[in-house]
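Enquirer: Got a structure for you, questions after.
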Amino acid sequence: MPRVAIVRPGGREDDVEWVPRSRPGEPLERRDFYIVDLAARRPIRIDAGLDPEAHLMAVQWLPDGSEWLFVALDRKHKQLDLIAANAASGEARIILTETTETSFRPLWSRPPQFYMLAGGDRFIWSSEQDGWNHLYLYDLAGNLIRRLTEGAFPVVDVLAVDEETGWVYFTAHDDRRRPYDTHLCRVGLDGAGFTRLTEAPGQHAIHMSPSMRFFLDTHSSVDRPPVTELRRADGELLRTLSRADIKAVESLGWVPPEEVTVKAADGVTASRGAFEDGFPRDHIDPIALAQLGFVVWIVDGRGTEERGRVFRDVRRFESPFDPIPDHVAALEQLGRDRSYMDLDRVGIFGVSAGGAQTLEAVFRAPDVYDVGVAIAAPVDPRDTRAGGIEPTLGLPDENPEAYRYSVLADVDRLEGKLLIMQGVADPVVTIDHTFKLVEALIEAGKPYDLLLLPDQEHLFHGPPAAYARDALRRYFLEHLMSSGSRAARQERTQPATSARPASSS
């Protein structure tokens with residue numbers, strides 16, 4: 001099993017931690033499931049005849065304890081099996097199999113929904129077999145009893161099943177006018193009576209009562225603080241229990257984010273530009289940047305989740321999908337009607353895959369992006385984790401062109417300012433990615449700034465995380481507000497009368 005070494009400072013001696021990690025195409029760490037017979041004190045290996053490199057995920061026991069269920073996804077992410085293992089012998093049987101021509105989402109990303117009905121002979125299963133995530137009712141032999149939901153929208157989560165009344169309660173993005181809103185819906189076990197039970201725009205967090213006769217609905221949107229309501233199971237409002245008090249925030253001059261809809265670079269696909277889905281409570285970085293005088297915007301372009309398979313799988317397997325044209329198209333549309341947005345001073349930042357997209361932005365669109373802060377950015381698909389890249393690009397021997405691509409091919413196009421942040425102990429995007437990036441920048445004669453954070457992993461924590469956030473803000477203040485901007489670079493070669501407005505974006 002391939003490994004990477006992570007060095008952690010330890011006083012006089014450094015500690016070296018070996019972390020299992022397979023690169024694309026390399027052997028994966030083998031994992032097997034066992035059932036332990038506690039009485040006999042012996043492990044029983046489950047023999048399902050699977051590819052030894054399949055990805056496995058536990059599901060649950062049958063109500064009578066006779067079989068244990070798990071999911072297996074082959075390494076190519078093209079075949080998904082639901083499997084039952086005999087508790088006494090470990091002998092396994094495949095309940096159902098699904099295949100796809102593109103790829104299933106990794107099990108760590110969003111596994112299929114599985115809900116066992118009380119009798120132990122039927123279950124609800126989610127599948128994207130028609131391009132949208134929907135619910136199906138099966139028996140334990142794998143026979144489809146009936147489809148429960150359908151339409152051009154995805155189901156998100158099954159929350160509860162009231163078998164006495166025959167209702168399945170689930171969340172879904174079923175409002176086609178607002179495809180990112182999450183609503184509570186229900187449908188009968190007979191496949192009839194689909195109904196949306198919540199109506200307010202935005203995000204709905206649902207808590208069903210044990211009796212399933214009532215539910216609590218806490219809902220909010222980007223510009224509307226949370227409200228908690230008590231409702232009957234059919235959606236009837238009984239009373240409003242609480243409304244968030246934001247007077248203290250408003251007294252500080254808080255301005256709510258604006259939610260907008262824009263077109264992707266194809267001029268057809270609608271994308272959403274917003275701060276976040278619900279009321280902004282936890283995203284302190286965009287709030288802090290806005291308070292410093294920046295317009296901060298977030299866009300869900302093509303390739304993101306929960307908009308259906310076609311939206312997610314755009315250009316999958318051809319090459320790493322370049323999202324920057326979608327971002328540029330959105331930025332240009334936003335700037336047309338907002339004179340306060342100075343499109344001559346644009347910055348971008350991101351972590352992990354977002355860090356790689358930051359590099360793509362400043363390298364490929366230097367006429368648009370002036371400053372980038374790339375955090376834990378992978379630059380070489382051949383040196384990433386197999387489980388993270390193979391679902392998108394396939395195996396290297398099947399898609400060699402995509403694996404030969406590197407964002408470093410465009411490093412010589414950099415014109416603006418670039419800050420690279422990297423945790424020295426990152427086991428996901430190891431520090432050699434940063435070294436490759438730095439080497440390419442040096443060879444191209446391009447200046448850069450580098451911040452290394454000792455003993456930090458992929459996501460920073462503790463005082464170094466606060467230090468990194470402060471560094472990001474300082475970098476944008478220094479280089480977007482003053483000499484580092486594209487406008488300032490142009491002014492150095494033009495008369496002073498051509499100075500740009502002092503706003504920023």
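The values are calculated or read from the model by the stated rules, or taken from the named source; none is laboratory data. Keep in mind the model is a prediction, meaning the values are calculated, not measured. A quick note on method: Cβ atoms are made from the backbone with ideal geometry, for glycine too, and the neighbour counts reach across all protein chains shown. What goes into the accessible areas is simple: the full protein's heavy atoms, side chains included, and nothing from ligands, DNA or RNA. Shrake-Rupley method; radii C 1.70, N 1.55, O 1.52, S 1.80 Å.
Enquirer: Working only within region 336-351, note down all residues that are farther than 12 Å from residue 416 by Cα and assigned to a loop (DSSP other than H, G, I, E, B). Let's see the steps before the verdict.
Expert: Going residue by residue through region 336-351, those that are farther than 12 Å from residue 416 by Cα are 336-343, 349-351.
Correct list: 337, 338, 339, 340, 341, 342, 343.
Enquirer: Right, something else. In the list 272, 302, 307, which residue meets the criterion of being assigned to a strand (DSSP E or B), modelled with pLDDT under 85, charged (D, E, K, R) and closer than 30 Å to residue 103 by Cα?
Expert: The unique qualifying residue is 272.
Enquirer: So, in region 167-186, exactly how many residues are open to solvent by less than 20 Å² (accessible area, probe 1.4 Å) and in contact with a Leu (Cβ under 8 Å, 6 or more places away or on another chain)?
Expert: 7
Enquirer: Condition check: more than 25 Å from residue 216 (Cβ to Cβ) and either touching a helix residue (DSSP H, G or I) at 6+ places or on another chain (Cβ under 7 Å) or of a type in the set (A, V, I, L, M) (or both). Does residue 172 satisfy that?
Expert: It is false that residue 172 is more than 25 Å from residue 216 (Cβ to Cβ) and either touching a helix residue (DSSP H, G or I) at 6+ places or on another chain (Cβ under 7 Å) or of a type in the set (A, V, I, L, M) (or both).
Enquirer: Here's a follow-up. Can you tell me which residue is farthest from residue 147 (Cα to Cα) among those in region 172-225 that are of a type in the set (S, T, N, Q) and in contact (Cβ under 8 Å) with a residue 60 or more places away in the chain?
Expert: The qualifying residue farthest from residue 147 (Cα to Cα) is 203.
Enquirer: Quick one: count up the residues across region 244-267 that are outside any loop (DSSP other than H, G, I, E, B), open to solvent by 100 Å² or more (accessible area, probe 1.4 Å) and modelled with pLDDT of 90 or more.
Expert: 1
Enquirer: Between 333, 357, which is more than 17 Å from the chain's Cα centre (by Cα) and among the polar types (S, T, N, Q)?
Expert: Going through 333, 357 in turn, just one is more than 17 Å from the chain's Cα centre (by Cα) and among the polar types (S, T, N, Q): 333.
Enquirer: If I filter region 322-331 for residues that are assigned to a helix (DSSP H, G or I), modelled with pLDDT under 90 and over 26 Å from residue 293 (Cα atoms), do I get at least one hit?
Expert: No, the conditions are met nowhere in region 322-331.
Enquirer: Specify the residue that is nearest to residue 194 (Cα to Cα); the eligible residues are those in region 211-226 that are open to solvent by less than 50 Å² (accessible area, probe 1.4 Å) and within 26 Å of the chain's Cα centre (by Cα).
Expert: In this case the residue turns out to be 217.
Enquirer: Among the residues of region 434-468, write down those that are modelled with pLDDT under 95, under 13 Å from residue 377 (Cα atoms) and not charged (D, E, K, R).
Expert: If the condition is that a residue be modelled with pLDDT under 95, under 13 Å from residue 377 (Cα atoms) and not charged (D, E, K, R), then 458, 459 are the ones that fit.
Enquirer: For region 140-181, how many residues meet the condition of being within 22 Å of the chain's Cα centre (by Cα), assigned to a loop (DSSP other than H, G, I, E, B) and under 20 Å from residue 128 (Cα atoms)?
Expert: 10
Enquirer: While we're looking at this one, here's another question. So, of the residues in region 352-382 that are open to solvent by 10 Å² or more (accessible area, probe 1.4 Å) and in a helix (DSSP H, G or I), which turns out to be farthest from residue 424 (Cα to Cα)?
Expert: Among those that are open to solvent by 10 Å² or more (accessible area, probe 1.4 Å) and in a helix (DSSP H, G or I), it is 364.
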